[in-house]
Amino acid sequence: MKSFFTIFLFSIFIFCTLPSSASTISIIVNKSNPINKMSKKELADYWLKKRTQWAGGKSVVVFGKIMGDPAKEIFLKDYLHLTISQFEEYWITRKQQDGVARPQEIPSDRLTINLVGRLENAISYVLASSISAQDLKKIKIIEIFEN
């Protein structure tokens, strides 16, 4: 019985400390952006800078998250289908081959929300729990659908 209890507590500890897809993220754009939804393929193309302009011709400003941010791992896994290592390799290769710089990495959800709220061409992601009703006056959450 004691070992069962120990295993149970250990399982709860592991479950609570590991990042999980159960923590949801939201893809956000500036409130003035006419985009309301996009496919995962379109999202990946913007993030990997295969597509650099919105449909209206304005340049896309992409903000990522710093290493260790729980939203980054979820985003890479669930939306780009990449590990952190694969993502890093991709950007090293792009920089060497094409001179293309990776998205600027922002250290917090609050700063990300504020930047996207100020820049009409910006796109990023944050933990859904970080968005307040006040934030929705300057940003919007867009729907992402399967290709």
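Here are a few things to note about the model shown:
- Among residues of segment 40-53 that are surrounded by fewer than 17 Cβ atoms within 10 Å (Cβ to Cβ), those with a Cβ under 6 angstrom from a residue that is among the basic types (Lys, Arg), sequence gap 6+ or separate chain, pair up as ASP45/ARG51.
- In segment 59-76, of all residues being assigned to a loop (DSSP other than H, G, I, E, B) and either in contact with a His (Cβ under 9 Å, 6 or more places away or on another chain) or touching a residue at least 12 places away in the same chain (Cβ under 8 Å) (or both), the one that is nearest to GLU143 (Cα to Cα) corresponds to VAL60.
- The listed residue being among the aliphatic types (A, V, I, L, M) and closer than 24 Å to SER132 by Cα, out of ILE92, ILE106: ILE106
- Odd one out for LEU76 among (1) surrounded by 14 or more Cβ atoms within 10 Å (Cβ to Cβ); (2) modelled with pLDDT under 95: (2)
- Subset of segment 124-147 (residues that are more than 15 Å from LYS72 (Cβ to Cβ), out of contact with any Lys or Arg (no Cβ under 9 Å at 6 or more places or on another chain) and either modelled with pLDDT under 95 or among the aliphatic types (A, V, I, L, M) (or both)): ILE131, ALA133, ILE141
- Residue within segment 77-84 that is touching a residue at least 40 places away in the same chain (Cβ under 8 Å) and part of a loop (DSSP other than H, G, I, E, B) present: no
- Looking across segment 24-46, just one residue is within 12 Å of the chain's Cα centre (by Cα), assigned to a strand (DSSP E or B) and polar (S, T, N, Q), and that is SER26.
- Where a residue in segment 108-133 is in contact (Cβ under 8 Å) with a residue 60 or more places away in the chain and its partner, wherever it lies, is of a type in the set (D, E, K, R) and not in a helix (DSSP H, G or I), with Cβ under 6 Å and at least six apart: GLY117/LYS138; ASN121/LYS58
- Every listed requirement among (1) touching a residue at least 12 places away in the same chain (Cβ under 8 Å); (2) out of contact with any Pro (no Cβ under 8 Å at 6 or more places or on another chain); (3) of a type in the set (Gly, Ala, Ser); (4) part of a loop (DSSP other than H, G, I, E, B) is met by GLY56 save one, (2).
The values are calculated or read from the model by the stated rules, or taken from the named source; none is laboratory data. Since the model is a prediction, treat every value here as computed from it, not as a measurement. All Cβ positions, even for glycine, are placed from backbone atoms using ideal geometry, and neighbour counts span all protein chains on display.
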